[in-house]
Amino acid sequence: PPLLTARGIRVAYGGFTALDGVDLDLPPGRVTAVVGPNGAGKSTLFHCLAGTVRPARGRIGYDGRDITRLAAHARTRLGVARTFQQLAVFPTLTVTENVRVGAEQGRIVDPGAVERSLRLLGLDGPVRVLPAAGLPTGTLRRVELARALAGGPRVLLLDEPAAGLDTAEVAALARVLKALAADGTALLVVEHDLDLVAGLADVVHVMAAGRIVASGPPGRVLDGH
Ligand code: ADP
Ligand code: ADP
């Protein structure tokens, strides 16, 4: 069964309907992608799953429980982690400190989990003691991902994880995300980079005007990919 489910999600901003009855399942061990043009409602759907937008109608379920009214930080503590599109590291903290503090959010984090997370992202070398300020975008994205992973999430929500990365970095990112899925994590990727989606996703949902208009494996849903 899916770990995270969205059913009949509706969101309106004033009189404008941003999501108009969206259903989505995130099964463990699978990468699910959401694509579509600007304004389709991808970010709004992401925020509904992360708990930063409250739907006007519909239900969000996690592991058999209704979390529709659960705040974002409580979802994180339950095991639903997210990354941010706008990188938000603490500039004066080191890479290691950023990963530890980012994972803590008011609870005790296993130091071993922080170490594993740093290692998985290739951040266990000299870079670990550098302040985050001034690090290149690709490294900051790895810090961001390591922070989300250090809490040992069962669901990982990724908002534009390839933004600002070069081709080699995107390939490295895809390897890490595939390894996480192989370990049983349920992944959601909201992404503009269709090459990444084609190589990574098990299922792609195409959104337009607040609805999911097509779903299937990337080879069937993404033209020319
Ligand atoms: P996408 O991520 O696919 O670009 P969004 O979810 O960001 O789509 O936006 C969907 C629609 O909702 C867009 O038309 C956008 O302008 C509108 N929208 C998003 N956030 C807000 C907001 N806070 N207030 C008003 N309208 C918004
Ligand atoms: P390599 O060139 O061998 O990938 P890197 O130092 O670039 O070496 O990466 C080290 C580790 O971090 C590898 O496991 C790689 O998959 C991962 N990695 C590199 N860049 C990123 C990224 N932008 N996002 C996620 N993981 C990355």
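The values are calculated or read from the model by the stated rules, or taken from the named source; none is laboratory data. Keep in mind that what you see is a predicted model, and the values were worked out from it rather than measured. Because the Cβ atoms are built from the backbone with ideal geometry, glycine has one as well, and the counts that use them run over all protein chains shown. Side chains included, ligands, DNA and RNA excluded: accessible areas come from the protein's heavy atoms. Shrake-Rupley method; radii C 1.70, N 1.55, O 1.52, S 1.80 Å.
Can you give the Kirkwood hydrodynamic radius for segment 87-191, in Å, rounded to one decimal and based on Cα pairs? Before the final figure, lay out the partial values.
Working: mean 1/r = 0.0727 Å⁻¹.
Hydrodynamic radius (Kirkwood, Cα pairs) of segment 87-191 is 13.8 Å.
Once the Cα atoms of segment 28-141 are picked out, what are the Rg and Dmax in Å?
16.4, 49
For the chain, list log₁₀ I(q)/I(0) at each q in 0.08, 0.11, 0.15 Å⁻¹, using the Debye formula over Cα point scatterers of equal strength and ignoring solvent, two decimals each.
So the normalised log intensities are -0.27, -0.52, -0.98.
Once phi is turned into θ = phi - 60°, what whole-Hz ³J(HN,Hα) does the Karplus curve with 6.51, -1.76 and 1.60 give for every residue of segment 194-207, x standing for Gly and Pro?
Coupling constants for segment 194-207: 5, 5, 4, 4, 4, x, 10, 7, 7, 9, 10, 10, 9, 9 Hz.
Would you mind working out the accessible area per residue for the chain, using a 1.4 Å probe, and quoting it in Å²? Please report the intermediate quantities before stating the final value.
Details: 10380 Å² over 225 residues.
It amounts to 46 Å² per residue over the chain.
On a 0 to 90° scale, report how tilted helix 95-104 is relative to the longest principal axis of the chain, with both axes built from alpha carbons and the result rounded to the nearest 10.
Once rounded, one gets 50 degrees.
Restricting to the chain, what percent of DSSP beta bridges are antiparallel, rounded to 5?
Numbers: 21 of 37 bridges.
In the chain, DSSP labels about 55 percent of beta bridges as antiparallel.
Run lengths n ≥ 4 of DSSP H only: what is the helix-derived mean residue ellipticity at 222 nm for the chain, with -39500 (n - 2.57) per run over all residues, to the nearest 500? Walk me through the numbers on the way to the answer.
Working: 8 runs with 77 residues, N = 225.
Calculated at 222 nm, the ellipticity per residue is -10000 deg cm²/dmol.
Roughly how many percent of the accessible protein surface of the chain is carbon and sulfur, given a 1.4 Å probe and a whole-percent answer?
On the way: 5610 of 10380 Å².
Carbon with sulfur: 54 percent of the solvent-accessible area.
Would you work out which of 35, 117, 24 lies farthest towards the positive end of the dipole of segment 1-139, given +1 charges on the beta-carbon of Lys and Arg and -1 on that of Asp and Glu, about the Cα centre?
24
Just for the Cα atoms in segment 141-191, what are the lengths along the principal axes, largest first, rounded to whole Å?
Extents along the principal axes, in whole Å: 28, 19, 18.
Let's see if you can work this out: charge +1 on each Lys and Arg Cβ, -1 on each Asp and Glu Cβ, no other charges. What is the dipole magnitude of the chain about its Cα centre, in debye to the nearest 20? Don't skip to the answer; put the middle values down first.
Values: 25 positive and 21 negative charges, 148 e Å.
Taking the Cα centre of the chain as origin, the dipole is about 720 debye.
Which loop trypsin sites (Lys or Arg not before Pro) in segment 63-133, with loop taken from DSSP, have no more than 13 other Cβ atoms within 10 angstrom of their Cβ?
On the way: sites: 65, 69, 75, 77, 82, 100, 107, 116, 119, 128; in loops: 69, 107.
Sparse-neighbourhood loop trypsin sites (Lys or Arg not before Pro): 69, 107.
By how many degrees, 0 to 90 and rounded to 10, does the Cα axis of helix 137-150 deviate from the longest principal axis of the chain?
Relative to the chain, helix 137-150 is tipped by roughly 80 degrees.
Quick one: helix 167-182 against the long Cα principal axis of the chain, what's the angle to the nearest 10°, folded into 0 to 90?
Roughly 80 degrees between the two axes.
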